[in-house]
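For reference, the structure is listed below as structure tokens.
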Amino acid sequence: MKKIEMKNPVVELTGDEMAAVIWTMIREDLVKPYVELKTETYDLSMMNRDKTEDAVTTEAGWAIRKNGVGIKCATITVNREKMERYGLKAIYRSPNATVREIIDGTIIRRPVVSPYVKPLVTSWVSPIVVARHSFGDIYKSFSRVVPEGAKVSLMVDHADGHQEVLPFEYFPGDGVVMVQMNLDDSIRRFADDCFRYALDEHLNLIFSTKDTVSKTYDARFKEIFQELYESTYAQDFKDKNLTYRYMLIDAASSMIVRSPGNLLWACKNYEGDVLGDLIASGFGSSAMMSSELYGMDNSYEYEASHGTMPDLYQDHLSGKPTYVNPTSLIYAWANALEKRGNLDATPDLVTYAQALKSAVIDTVDEGHITPDLKRQYTRETYEITRTEDMIALIRQHLETRLKKAFSA
Ligand SMILES: NC(=O)C1=CN([C@@H]2O[C@H](COP(=O)(O)OP(=O)(O)OC[C@H]3O[C@@H](n4cnc5c(N)ncnc54)[C@H](OP(=O)(O)O)[C@@H]3O)[C@@H](O)[C@H]2O)C=CC1
Ligand SMILES: O=C(O)CCC(=O)C(=O)O
Ligand SMILES: [Mn+2]
């Protein structure tokens, strides 16, 4: 088969540990044999972030925003322990926070379903998709340790020159303080993305925070969602027989576990991170979820919803067999190439990307699975399959699908 041409590159952000190993396998074994792959690559491995004092992360974020389509491998987020162990120059910011702040927008985390993978939560018969705001909150925060006896205030320096000092708290003992932020425009774009996605995908929408406790911060999100709903989307929801509801996040969590699904659950940045993983596992595995970021200036970033899998990486380094479910990482590649194909009007690339996603499901459906799916897998016979064998089997299914698609 002649390789599929790409008109424009995708921006590729490489990463760390086991995710980086699988990333390379996908690129070399599942993409390059079939696609004349064009990428603009940024090395976001922890050591290169350190070497460039994190400049590479900012460059990569802007490259995605300019080019339009990016794919990101999972990366280690540095903490104090990592900094000390690897002798890094700083405790760098989360690279995801940096890239997402540049792109802004909404992360859609959607379970990848197979008819043979039964959700752990038995009531879930239709999808539950998590929409996560990709800007701000604790990802754009400032915190510091406060010693006993200190008083903390927040000073606002207004544009007209006047200053406001807002007394916050006296510390009767040693402690810690954090300030976080968000922007109305970003919240409004997030709300707008959520309403449009729910309408396009025919899902009921729930937005959840805790405005009863966070009476200004979370309440701001609630108000912006409500204003936009009433001014722009209420009639569309009615016409499509869909609902929008604000719910306190604890009540929403409890309701969603008992619901049949068919929901878009919109959450702030941190809650969306946590609850996205919960929903992924409830449907099958943290690896059975796609993650798409709809950003500013029509830019899109695709990634896995899970991290770098350090435990599995240790197995890999010590020569033990590994059992990585590659679904989320493959979906990142496939969704990015599909988007590139749609933007560039290259339908063959779209066909290839869709075949790649189907090939993953074909492999699971025929009984080749990784241990994360074992408990929920419903076929009587199945084979626990190593990482390399999963990739090889997916490749066989991909070839079958491509032959069919391109000989027709
Ligand atoms: N987008 C990104 O760049 C992200 C980066 N991170 C970073 O990744 C690093 C590791 O984070 P950690 O909390 O361990 O989270 P991980 O998602 O990397 O791994 C947690 C556990 O989930 C299971 N798991 C995750 N993915 C798979 C898969 N594809 N196949 C099979 N099992 C899987 C494994 O469980 P088991 O051990 O039981 O097999 C694994 O140990 C940290 O540095 C963190 O900051 C984390 C999240 C996102
Ligand atoms: O940015 C990070 O450190 C983690 C990101 C993450 O967990 C996610 O995107 O799901
Ligand atoms: Mn996460």
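Inspect all residues belonging to the stretch 301-321 and state whether any of them is under 30 Å from residue 207 (Cα atoms), at pLDDT 95 or above and more than 16 Å from ligand 3 (Cβ to nearest atom). Checked the stretch 301-321: no residue is under 30 Å from residue 207 (Cα atoms), at pLDDT 95 or above and more than 16 Å from ligand 3 (Cβ to nearest atom).
Of all residues in the stretch 285-304, those satisfying the criterion of being in a loop (DSSP other than H, G, I, E, B), more than 10 Å from ligand 2 (Cβ to nearest atom) and either of a type in the set (Ser, Thr, Tyr) or within 21 Å of residue 354 (Cα to Cα) (or both) are 285, 287, 288, 299. Consider residue 93 carefully, then state whether it is within 16 Å of ligand 3 (Cβ to nearest atom) and surrounded by fewer than 21 Cβ atoms within 10 Å (Cβ to Cβ). In short, yes. Residues in the stretch 226-253 that are more than 16 Å from residue 266 (Cβ to Cβ) and in a loop (DSSP other than H, G, I, E, B): 240, 241. Each residue in the stretch 261-281 was checked for being over 15 Å from residue 193 (Cα atoms) and more than 15 Å from ligand 3 (Cβ to nearest atom), and 2 of them qualify. Of the strands (runs of 3 or more DSSP E) lying entirely inside the stretch 127-221, those carrying at least 3 residues that are touching a residue at least 24 places away in the same chain (Cβ under 8 Å) and closer than 23 Å to residue 251 by Cα are 128-133, 204-209. Residues that are without any contact (Cβ under 8 Å) to a residue 12 or more places away in the chain and closer than 19 Å to residue 75 by Cα within the stretch 22-51 comprise 24, 48, 51, listed in sequence order. Restricting the stretch 268-284 to residues that are away from ligand 2 (no atom under 12 Å from the Cβ) and either in contact with a helix residue (DSSP H, G or I) (Cβ under 6 Å, 6 or more places away or on another chain) or of a type outside the set (A, V, I, L, M, F, W, C) (or both) leaves a set whose member that is nearest to residue 116 (Cα to Cα) is 284. Scoring residue 257 on the criteria (1) aliphatic (A, V, I, L, M); (2) more than 20 Å from residue 211 (Cα to Cα); (3) crowded, with 17+ Cβ neighbours inside 10 Å leaves a single failure, condition (3).
Candidates 78, 11, 35: the one that is buried (at least 19 other Cβ atoms within 10 Å of the Cβ), more than 24 Å from the chain's Cα centre (by Cα) and of a type in the set (Val, Ile, Thr) is 35.
Per-residue answers, yes or no, for (1) under 19 Å from residue 395 (Cβ atoms); (2) more than 8 Å from ligand 1 (Cβ to nearest atom); (3) β-branched (Val, Ile, Thr); (4) without any contact (Cβ under 8 Å) to a residue 60 or more places away in the chain:
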position: 290; (1), (2), (3), (4): no, yes, no, no
position: 293; (1), (2), (3), (4): no, yes, no, no
position: 299; (1), (2), (3), (4): no, yes, no, no
position: 302; (1), (2), (3), (4): no, yes, no, no
position: 311; (1), (2), (3), (4): no, no, no, yes
position: 315; (1), (2), (3), (4): no, yes, no, yes
position: 326; (1), (2), (3), (4): yes, no, no, no
position: 331; (1), (2), (3), (4): yes, yes, no, no
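If the condition is being over 16 Å from residue 117 (Cβ atoms), polar (S, T, N, Q) and within 15 Å of ligand 3 (Cβ to nearest atom), then the stretch 285-300 contributes only 291. Of all the criteria given as (1) at pLDDT 95 or above; (2) surrounded by fewer than 10 Cβ atoms within 10 Å (Cβ to Cβ), the one not satisfied by residue 142 is (1).
The values are calculated or read from the model by the stated rules, or taken from the named source; none is laboratory data. Since this is a predicted model, take the numbers as computed values, not measurements. Note that we place each Cβ from the backbone using ideal geometry, even for glycine, and neighbour counts take in every protein chain shown.
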